[in-house]
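Some notes on the structure that comes next.
The values are calculated or read from the model by the stated rules, or taken from the named source; none is laboratory data. All values derive from a computational prediction rather than experimental measurement. Here the Cβ positions follow ideal geometry from the backbone for every residue, glycine too, while neighbour counts run over all protein chains shown.
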Amino acid sequence: MSRKKKFHRQSQHAVPDFAQAIKTAPELSAFSFDGPYPAGAPDLLDNMYCADNGRYYDTPIDWYGLARAFSQSGWHQSALTFRRNVLAGCFIPHRLLSRQQFSALALDFGTFGNGYLELRKSMLRQPMALRRVPAKYTRRASDDLDKYWYIQSGQDDHEFRPGSVCHIINPDIHQEIYGMPEYLGSLLSISLAHSADKFRKMFYDNGSHAGCIVYVGSALADQSSIDKLKKTLSETRQGGAFKNILIHAPAGGKDGVQVLPFSQISAKDEFLNIKAATRDDILAAHRVPPQLMGAMPEGNGSFGDVEKAARVFAINELTPTMEALKHINDWLGEEVIRFNPYALLESQ
C-alpha cells in the first residue's frame with residue numbers, strides 16, 4: 001500500500017462518523033462548543049499606554065481601528081459628521097486657515113480626539129498657512145514632545161520641523177501623550193450594529209428571508225405533477241433572490257403536502273431590537289439629541305421641540321468644543337479660530 005493511501009485511510013479513521021455514532025448511542029444528549037474568550041473593550045482600555053518604539057510614541061489604541069469604526073454604523077458616522085458640520089458652519093475663515101482645512105481638523109478631533117495643524121512659513125519666516133495633518137498617521141516623537149512624525153504605509157516616514165505642528169488634545173485619564181475620543185464606551189455597540197447589518201444582508205442575499213420547503217409526501221402525486229410543481233417553484237425565484245426546496249416522499253404519511261417557511265419572525269424581531277438598542281447607546285455616547293439625527297420616535301411618542309434640543313446641545317457640547325479648538329490661538333499668538341454665534345442661540 002502506498003504511503004499516500006495509508007495516510008488517507010488513517011485520516012478517515014481519525015474523523016468519527018457522526019451518523020454512525022448516533023445510531024450506536026441513540027439516547028438523548030446535549031453538549032456545547034466553547035471557543036476562546038476574546039478580550040473586550042474594558043480589558044483593552046484598562047491597559048492603555050503609549051509604547052516608545054525609539055522614534056515616536058505609539059497610540060494607546062489602534063487609530064486604524066477607529067477609522068474603520070467610523071463607517072461601521074450610520075448613527076456613529078452621522079453624529080461625528082453632524083458635529084463637524086455645525087462647527088464648520090460657525091467657523092469664520094482666516095487668511096491662515098481656510099474653512100476646508102478647519103472642517104478636516106474638526107472631523108479629526110471628533111474621531112480621534114486629536115487634531116494637528118502644521119504652520120508653513122515663507123522664506124522670510126513669516127506665517128503663510130496652517131495645513132491640517134491627518135491625525136490617523138501623525139505620531140508624537142519620543143525624544144521631544146514638540147516634534148512629530150507622519151507615518152503612512154507605502155510612504156517614507158516624515159519628521160516635521162520641531163515646533164511647526166500644533167497639537168489639540170481631548171484629555172485622556174490614562175496618559176498625556178495623545179488625546180482620546182469620547183465615544184469609546186460605545187465601540188462594542190458600533191461593532192454589534194455593524195455585525196447585525198452584515199448578518200441581515202447575508203440572510204437576505206442567501207434567500208432565507210422568503211424561501212420555503214415544499215414537502216410532498218402523498219403517494220398519489222404522479223411524476224408529471226411533481227415536475228410541474230418543480231418548474232413553477234423554479235420560475236418564481238426572480239433572479240435567485242428567493243430559494244425554494246422541493247422534497248418528494250411518495251411513502252409519506254399524513255399531511256401529504258406541506259409548505260414550511262425558512263424565515264423566523266423571532267429572528268426578525270431580534271434584529272430590530274439590536275438596532276434600536278445600539279442606536280440608543282451610540283447616540284448617548286455622542287450626546288447628540290436623537291431628533292437632530294433624524295431618528296423617529298417609536299409608536300406615538302415624541303422627542304420634543306427640536307429647536308430647544310439644538311440649543312441645549314449647542315450650550316453643553318458645541319461651545320466647549322469651540323473653546324478647546326481655540327488652543328490654536330494660544331499656540332500661534334494670533335486669533336485664527338473665531339466662530340459666529342450658533343444661529344438658534346441668536347434667535348432666542
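Quick look at the numbers
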read-out: Given (1) at pLDDT 90 or above; (2) assigned to a strand (DSSP E or B), index of the condition Val214 fails; value: (1)
read-out: Residue satisfying all of: in the stretch 29-55; under 30 Å from Thr81 (Cα atoms) and surrounded by 14 or more Cβ atoms within 10 Å (Cβ to Cβ); modelled with the highest pLDDT among these; value: Cys50
read-out: Selected residue [farther than 26 Å from Leu283 by Cα and among the polar types (S, T, N, Q)] from Ser78, Ser103, Ser71, Ser98; value: Ser98
read-out: For Glu334: the one exception among (1) at pLDDT 90 or above; (2) assigned to a helix (DSSP H, G or I); (3) acidic (Asp, Glu); value: (2)
read-out: Close pairs (8 angstrom Cβ cut-off, 6 or more residues apart or separate chains): aromatic (Phe, Trp, Tyr) in the stretch 276-303, at pLDDT 75 or above and assigned to a helix (DSSP H, G or I) anywhere; value: Phe303/Pro290; Phe303/Gln291; Phe303/Ala309
read-out: The stretch 123-150, residues that are buried (at least 19 other Cβ atoms within 10 Å of the Cβ) and among the aliphatic types (A, V, I, L, M); value: Leu130, Val133, Ala135
read-out: Among (1) within 23 Å of the chain's Cα centre (by Cα); (2) modelled with pLDDT under 95; (3) buried (at least 17 other Cβ atoms within 10 Å of the Cβ), the one test that Glu182 misses; value: (3)
read-out: Failed criterion for Trp149 (all others in (1) touching a helix residue (DSSP H, G or I) at 6+ places or on another chain (Cβ under 7 Å); (2) in a strand (DSSP E or B) hold); value: (1)
read-out: Residue ID - nearest to Leu105 (Cα to Cα), chosen from residues in the stretch 130-146 that are touching a helix residue (DSSP H, G or I) at 6+ places or on another chain (Cβ under 8 Å) and assigned to a strand (DSSP E or B); value: Arg132
read-out: Condition broken by Leu107, with the remaining ones in (1) modelled with pLDDT of 95 or more; (2) assigned to a loop (DSSP other than H, G, I, E, B); (3) of a type in the set (A, V, I, L, M, F, W, C) satisfied; value: (2)
read-out: Qualifying positions in the stretch 170-195 - in contact (Cβ under 8 Å) with a residue 60 or more places away in the chain and either part of a loop (DSSP other than H, G, I, E, B) or over 19 Å from His286 (Cβ atoms) (or both); value: Asn170, Asp172, His174, Gln175, Ile177, Tyr178, Gly179, Met180, Pro181, Glu182, Tyr183
